[in-house]
Amino acid sequence: MRLILLLLLRLKAFATTEVLAADAGVDVALVERSMVAAESERLVQRRSGRIVGWTLTAAGRRRGQELLVGELEASGGRGAVTDAY
């Protein structure tokens, strides 16, 4: 779940809990808990005001990249992705 949410935020820049839940196809309460946990680790921050929603921190961007690399390595798909890119 962490990888999916961090990647969604990387693509969207800002998103509400509801949008993240809809895009991930999971329950809003699960996303809220996950985002609050990620916020406590300083991977994301919740913005309010004119722009509302979650956004990645620099640490969140790095952690998302680490998780993505790990996923590609574990699946054996890194070569295929590199070749396609």
- [ ] With the full set of protein chains in place, find how many percent of the accessible area of the chain is carbon and sulfur; take the probe as 1.4 Å.
- [x] 54 percent
Open item on the list: Before I look further, what does segment 43-85 give for accessible area per residue, probe 1.4 Å, in whole square angstrom?
Closed with: 72 Å²
Task: Dipole in debye (nearest 20) - segment 12-78, about Cα centre, beta carbon charges: Lys, Arg +1; Asp, Glu -1 - done: 380 debye
TODO: May I ask you to list, by number, the DSSP H helices of the chain whose Cα span along the axis is at least 20 Å and whose average Kyte-Doolittle hydropathy reaches -1.0 or more?
DONE: 58-75
Open item on the list: What does the charge count around Arg61 come to, taking other residues whose C-beta lies under 15 Å from its C-beta (Lys +1, Arg +1, Asp -1, Glu -1)?
Closed with: +3
Task: Positive dipole terminus of the chain, leading residue within Leu43, Leu20, Gln65 (C-beta point charges) - done: Leu43
Task: Qualifying trypsin sites (Lys or Arg not before Pro) for the chain [loop in DSSP, other Cβ within 10 Å: at most 13] - done: Arg42, Arg50
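The values are calculated or read from the model by the stated rules, or taken from the named source; none is laboratory data. Predicted model only: the values in this text are computed from it and were never measured. Every residue, glycine as well, gets a Cβ built from its backbone with ideal geometry; the counts of neighbours run over all protein chains shown. We work out accessible area using only protein heavy atoms, side chains counted, and drop any ligands, DNA or RNA first. Shrake-Rupley method; radii C 1.70, N 1.55, O 1.52, S 1.80 Å.
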